[in-house]
Amino acid sequence: MASQDWFDKDFYKVLGVSKDVSDAELKKVYRKLARKYHPDSNPGDAASEAKFKEISEAYSVLNDSEQRAEYDQMRAMGAGARFTAPGGGRAGGGFEDVFGGRGGQQGGFEDLFSGMFGGGGFGQTSGGFRGFGGPTPGQDVTASTTIDFITAVQGETITLQTGEGRTIKVKIPAGVSDGKKIRVRGKGRPSQDGGAPGDLVLTVHVRKHPVFERDGNNLRVTVPVTFVEATLGATIEVPTLGGDPVKLRVAPGTPSGRILRVKGRGVATGSGTGDLLAIVQVAVPAHLSAEATEALKAFHAVEPNENPRADLIARARG
């Protein structure tokens, strides 16, 4: 704080208390004012923010017994005095006279303020609100929760219970991924001196889905098709997450691993909406009747004479 401010500002008047106010009453008055003018209670109100700074500044001095004593002493010895900046055209009666000598003698301005602000001289403070030693915020609290896959994709407001028995509602945004941290403002530990409460930092874990898996904003699902469907082509049903199945066309000669895409049926996030990716898997029958076996042998006798591994072997040889 500039030197003139200590003489110009009446911290007792700022807080509306008498000079013999007790510590308990001082804290009570400050907390009431802090709640009234806190920026969180008055978003965008510059006047309230300025007032909050002013009362925090006053409380930081009067709440500290040593600083309060020095402040009272300075106010008493400098009543009616005015500081003059160097080169201000005044020969005497200014800064140096009040503090007992020129050039910082007998303790001087810097020594006095060094003691008041933690011994660091100018440029160092005791912390707190904007460096004025005001109220400190409460501590953040960390926690974790596990949610279902569909909740992570679609979003939902969930209710958590703290160790102290408090219930907290947390909005899970649509598209949250496993391991994501969500910060919930003001739901941490309360401040011990009237400051803002801390935050809750929640780590979200997502359970695996038995059918779907996430690939960025896309959803993947493996869809079995029969040998005949893959060979001759077919229209099949594919499941969607939280909705009715959709119909997809499997083209004749579709191999395993081919991806069929359903636009806009993936994960919706702020960056966009993904697709549903259906991965074709040709299912091989585990049991064949005698008639089916004979039919396959007959098919094998007339199928094209192609080796599906010929290209693989050629590429492996380089």
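Any read-out appearing in this document is the output of simple, stated calculations on the displayed coordinates, not a laboratory observation. These numbers were taken from a predicted model, which means no experiment stands behind them. For neighbour counting, all protein chains shown are included, and Cβ atoms are generated from backbone atoms with ideal geometry for every residue, glycine included.
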### Query
Over all pairs of distinct alpha carbons, what does the Kirkwood formula give as the hydrodynamic radius of the range 124-233, in Å?
17.2 Å
### Task
Let me know the volume per residue of the alpha-carbon convex hull for the range 210-318, in Å³.
161 Å³
### Message
Nearest 5 percent is fine: what portion of the DSSP beta bridges confined to the range 213-317 is antiparallel?
### Response
65 percent
#### Entry: Descending semi-axes in Å of the range 141-206, equivalent ellipsoid built from Cα gyration tensor
24, 11, 10
### Summary
Among the range 220-262, those whose backbone N falls under 13 Å of a label point 7 Å along Cα→Cβ from Glu213 are 220-223
### Task
Show which lysines lie in cross-link reach of Lys247 when reach means a straight Cα distance below 30 angstrom and same-chain residues fewer than eight apart are skipped.
Lys208, Lys263
### Message
Between the range 180-230 and the range 235-251, how far is it from one alpha carbon centroid to the other, in angstrom?
### Response
26 Å
### Rough spin-label spacing in nm, given labels placed 7 Å along Cα→Cβ, for Ala310 and Ser144
5.5 nm
### Message
In the range 174-195, whose amide N lies under 11 Å from the spot 7 Å out along Cα-to-Cβ of Thr157? List them in ranges.
### Response
none
### Query
Sorted from fewest to most neighbouring beta carbons within 10 Å, what does the list Arg315, Arg258 look like?
Arg315, Arg258
### Query
When Asp20, Asp45 are ordered from fewest to most other Cβ atoms inside 10 Å of their Cβ, what list results?
Asp20, Asp45
## Note on the structure
Relative contact order as a percentage, the range 213-317, C-alpha pairs under 8 Å and 6+ apart, gives 28 percent
### Task
Could you run the Karplus curve 6.51 cos²θ - 1.76 cosθ + 1.60 with θ = phi - 60° over the range 242-259 and give me ³J(HN,Hα) per residue in whole Hz, x for Gly and Pro?
x, x, 6, x, 10, 9, 10, 9, 9, 6, x, x, 6, x, 4, x, 5, 9
#### Entry: Rounded to 5, the percent of DSSP beta bridges in the range 141-206 classed as antiparallel
60 percent
### Task
Between Arg185 and Thr235, take the C-beta separation as r, use R0 = 45 Å, and let me know the FRET efficiency to the nearest 0.05.
0.35
